[in-house]
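Report on one structure; see the data block that follows.
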Amino acid sequence: MPSTIPAPNSTVADILIEALPYIRKFSGMTVVVKYGGHAMVDEQLKTDFARDITLLKFIGLNPVVVHGGGPQINRVLDQMGIRPQFVRGMRLTDGPTMDVVEMVLGGKVNKGIVAQINQEGGRAVGLSGKDGGLIQARKMHIVHQSDAGSPPEIIDPGMVGEVTRINPAIIHTLSEKGFIPIIAPVGAGSEGETYNINADLVASHMATALSAGRLILLTDVDGVMDAAGQLISSIDAATIRSMIADGSISGGMIPKIEYALAAIKSGVPKVPIINGKRRHAILLELFTDRGIGTEVTE
């Protein structure tokens, strides 16, 4: 009796065919990915992320990862009896907190991501923003207004920084040699002082400095929702300003969307905001016709 040959899986073939024009279009393109949220703590999602980033490199894109690590930092701070405080998504950072931030981000979290990507066949290299003068920064002051009727308050967040310059030379060198840069969002001031910097902010500046074709922001939500709770697939600057004004965009999404707009205004063509809790979210966004999140455009 002749052996039975399994029927081909046309669905898999269809997916590959759908991806082909995007693979061809994006070949050689730099993609900056801000990695954070639930995707960094769920073991299956961590594996998926490592495989997705490795795949991007193998098919001709140049992925650059900027990662957060809020839950991991909070866990260590809790063990030390230090209560974290935030204003407009920024962690207020005193000396002891800064020590924890640098240790966790530049050490445990960064090296864990590097190891996982290398385990999947990639060639990842971990960097702090202090390496090679990659991220130069200055102290940030936060203007906070609790409500429309109260005067604005200037808050000193401690050792929190804002980016003054990205020196992309080390990133270009690593990418050209086939490596995948994994960047912890810690920068250095003019006197060598260390600053904790919001990872979304670093990713926005990094995408601009590298002339990236995409900046992908991984979050724990599907994207930007309209008043009826439906996902908005594409949104421009005018609509964003209107939605912030009427409260439709609020909370932690405001700084994220502002950093996305800053990247757009500086030349990054599109900034997808996608749900990192979905398996292979990056691949679904880049290589399918509909994508899965909200695409911020000019």
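The values are calculated or read from the model by the stated rules, or taken from the named source; none is laboratory data. All figures in this text were calculated on a predicted structure; none of them were measured in a lab. Positions of Cβ are backbone-derived with ideal geometry, glycine not excepted, and every protein chain shown enters the neighbour counts. Heavy atoms of the whole protein, side chains included, go into the accessibility calculation; ligands, DNA and RNA do not. Shrake-Rupley method; radii C 1.70, N 1.55, O 1.52, S 1.80 Å.
I'd like the FRET efficiency for HIS280 and LYS111, computed as 1/(1 + (r/R0)^6) with the beta carbon distance as r and R0 of 22 Å, rounded to 0.05.
The computed FRET efficiency comes out at 0.40.
Using Cα positions and a limit of under 21 Å, work out the lysines in reach of LYS57, with same-chain residues fewer than 8 apart set aside.
Answer for LYS57, where 21 Å is the Cα cut-off: LYS25, LYS34, LYS46, LYS111, LYS177, LYS270, listed by chain and number.
By how many degrees, 0 to 90 and rounded to 10, does the Cα axis of helix 253-265 deviate from the longest principal axis of the chain?
70 degrees
What is the sum of charges around VAL224, taking Lys and Arg as +1, Asp and Glu as -1, for the other residues whose C-beta is under 12 Å from the C-beta of VAL224?
-3
When all protein chains stay in place, what accessible area (Å², nearest 10, 1.4 Å probe) is found for ASP220?
About 70 Å², ignoring ligands and nucleic acids.
Could you name the aspartates and glutamates in cross-link range of LYS130, using Cα to Cα under 15 Å and dropping any fewer than eight places away on the same chain?
Within the straight-line cut-off, LYS130 pairs with ASP99, GLU102, GLU162, GLU191, GLU193.
Work through the residues other than GLY213 whose Cβ is under 10 Å from its Cβ and net out their charges, Lys, Arg +1 and Asp, Glu -1.
+3
To the nearest 20 debye, what is the magnitude of the charge dipole of the chain about its Cα centre, counting +1 on the Cβ of each Lys and Arg and -1 on the Cβ of each Asp and Glu?
680 debye
At 1.4 Å probe size, with no ligands or nucleic acids counted, give the accessible surface of ILE244 in Å², nearest ten.
Solvent-accessible area, nearest 10 Å²: 50 Å².
Could you state how much accessible area GLU176 has, in square angstrom rounded to the nearest 10, with a 1.4 Å probe and all protein chains kept in place?
Around 150 Å² of this residue is reachable by solvent.
Mind ranking HIS67, HIS280, HIS141 by accessible surface for me, highest first, 1.4 Å probe?
Result of the area sort, largest leading: HIS141, HIS280, HIS67.
For PRO63, what charge total do you get from the other residues with a beta carbon under 15 Å from its beta carbon, if Lys and Arg give +1 and Asp and Glu give -1?
+1
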